[in-house]
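The values are calculated or read from the model by the stated rules, or taken from the named source; none is laboratory data. Computed from a predicted model, the values in this text were never measured in an experiment. FYI the Cβ positions are ideal-geometry reconstructions off the backbone, even for glycines, and counts take in every protein chain you see. Each accessible area value is taken on the protein alone, full model and side chains, heavy atoms only, with ligands, DNA and RNA left out. Shrake-Rupley method; radii C 1.70, N 1.55, O 1.52, S 1.80 Å.
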Amino acid sequence: MTVDMDTDRASGAVSRRGTKRTTADEPGHGPPSAALAQIMTSGLAAQAVSVAAELGVADLLSEGPRSVGELAQQTGTHAPSLQRLLRFLASLGIFAQDERGHVGLTPLAAPLCADAPGSLQALSRLMGGPVVRHAMGGLVHSVRTGEAAIPQAYGMSLWAYLAQHPEQAALFNDHFTTQSERQIPAILEAYDFAGIGTLVDVGGGHGALLSAILSAHPGQHGILYDQPDVVAGAAPVLAAAGLADRITARGGDVFASVPEGGDAYVIKNVLHNWDDEQASVILSNVQRVLRPGGRLLLIEHVIHPGNAPQYGTLLDLMMLALFGSRERTVAEWEALLNASGFHVAQILPTRAELSVIEAIRA
Ligand code: SAH
């Protein structure tokens with residue numbers, strides 16, 4: 001599982017707009033202490049955005065501006081306090097209030113609508129929700145020990161916790177679905193999936209990626225593989241894409257085995273959830289069922305050297321706190337793949353931060 005997101009539209013945008021928007025406030029322009037203070041308080045701004053997402057404020061404004069009183073009634077909130085929330089968010093450019101006090105959408109508020117293309121509503125609710133807060137609240141434990149913070153908070157792994165808390169699991173799945181809407185077009189642009197007879201998506205969730213690839217390649221067949229309770233939810237996605245007859249859904253455990261019969265295998269946003277030892281088990285299970293020379297396509301973040309901003313480094317910390325796992329550099333991907341009987345043929349960046357790592361079975 002992953003809590004991936006688009007950098008440009010998420011964390012960066014919020015923190016850079018934390019206070020008055022003058023160039024003096026931009027990191028590198030104002031006094032360092034002002035830039036630092038802005039970074040330090042940006043988590044609170046993210047929390048405020050997530051409250052608006054949780055209340056569905058943007059959805060209520062999709063038909064046009066409304067008074068705070070009306071919004072308070074519709075969201076079941078305390079009007080003067082909602083007004084204070086919205087005043088703060090307007091100072092970030094998220095919603096705007098006119099002279100009459102009516103609140104409307106702005107370009108930064110529109111992606112908070114549930115039905116916006118590539119909606120960020122689920123991402124915002126997830127970032128401000130209890131699981132991510134408990135994980136990142138325990139980051140000091142993770143940094144001291146190298147272990148995930150979630151087991152300390154919940155007494156169990158994130159997977160076990162989600163299995164017992166269906167409403168939190170649903171939020172993760174909503175986030176994966178909308179995240180996929182943003183990532184999949186970029187992946188199809190970056191990599192040519194033509195010529196693959198049967199493609200197996202390992203840890204494929206509800207099948208959004210496989211559906212998009214097969215829709216673009218009419219002769220292709222697919223096998224969707226994930227945990228039994230996850231693939232159980234895939235039928236509507238496959239039916240909506242008209243692919244129920246070309247995609248077989250299989251429930252199982254990637255640590256036990258991976259379905260045979262693929263000409264190529266794709267694994268997206270899965271291996272970063274696991275440490276090297278666990279990731280090697282998954283890769284070896286693919287190696288066992290793939291013919292020599294066959295392709296494995298890993299779609300994951302690749303961490304680049306240097307100090308330039310890169311979203312993968314933030315996601316890496318979240319992976320540490322949530323799972324005790326990691327994002328990987330080119331050298332780390334190569335070492336992991338080589339140890340499991342693959343060599344890297346090429347790494348193709350996409351415009352969605354993720355890269356396609358094409359590996360060939362030795
Ligand atoms: N590939 C999808 C989902 C990534 S989330 C996407 O990019 O959106 C990671 C996926 O791994 C989840 O769907 C989760 O159910 C699956 N997963 C986790 N543990 C698994 C296991 N032991 N066996 C099979 N799938 C597993």
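Observations
- If you take the Cα centroid of the range 51-116 and the Cα centroid of the range 235-273, the two points sit 39 Å apart.
- 5 angstrom amide H check on Ala114, placed H, neighbours 5+ away: Asp59
- For the chain, the solvent-accessible area of protein heavy atoms averages 45 Å² per residue (probe radius 1.4 Å; ligands and nucleic acids excluded).
- From phi via Karplus (6.51, -1.76, 1.60), per-residue ³J(HN,Hα) for the range 156-167 in Hz, x at Gly/Pro: 7, 6, 4, 4, 5, 4, 5, 5, 8, 10, x, 5
- Quarter of Cα convex hull surface for the range 145-295, i.e. mean projection, nm²: 9.8
- Comparing mean-square fluctuations of Ser325, Ser91, Ser119 from a GNM of the chain with C-alpha springs under 10 Å, the top value falls on Ser91.
- Principal-axis tilt of helix 276-289 within the chain, Cα atoms, nearest 10 degrees: 40
- The string of couplings for the range 109-123 from the Karplus curve (6.51, -1.76, 1.60, θ = phi - 60°) is 8, 4, x, 7, 6, 4, 9, 5, x, x, 3, 9, 4, 5, 4 Hz, one whole number per residue in order, with x for Gly and Pro.
- Among 162-169, 316-323, 291-298, the peptide with the highest mean count of other Cβ atoms within 10 Å heads the list, and the full ranking is 316-323, 291-298, 162-169.
- Element breakdown for the chain at a 1.4 angstrom probe: carbon and sulfur atoms account for 56% of the accessible area.
- Taking the helices alone, the chain has a mean residue ellipticity at 222 nm of -14000 deg cm²/dmol, built from -39,500 (n - 2.57) per DSSP H run of at least 4 residues and averaged over all its residues.
- Volume of the Cα convex hull of the chain, divided per residue and given in Å³: 150
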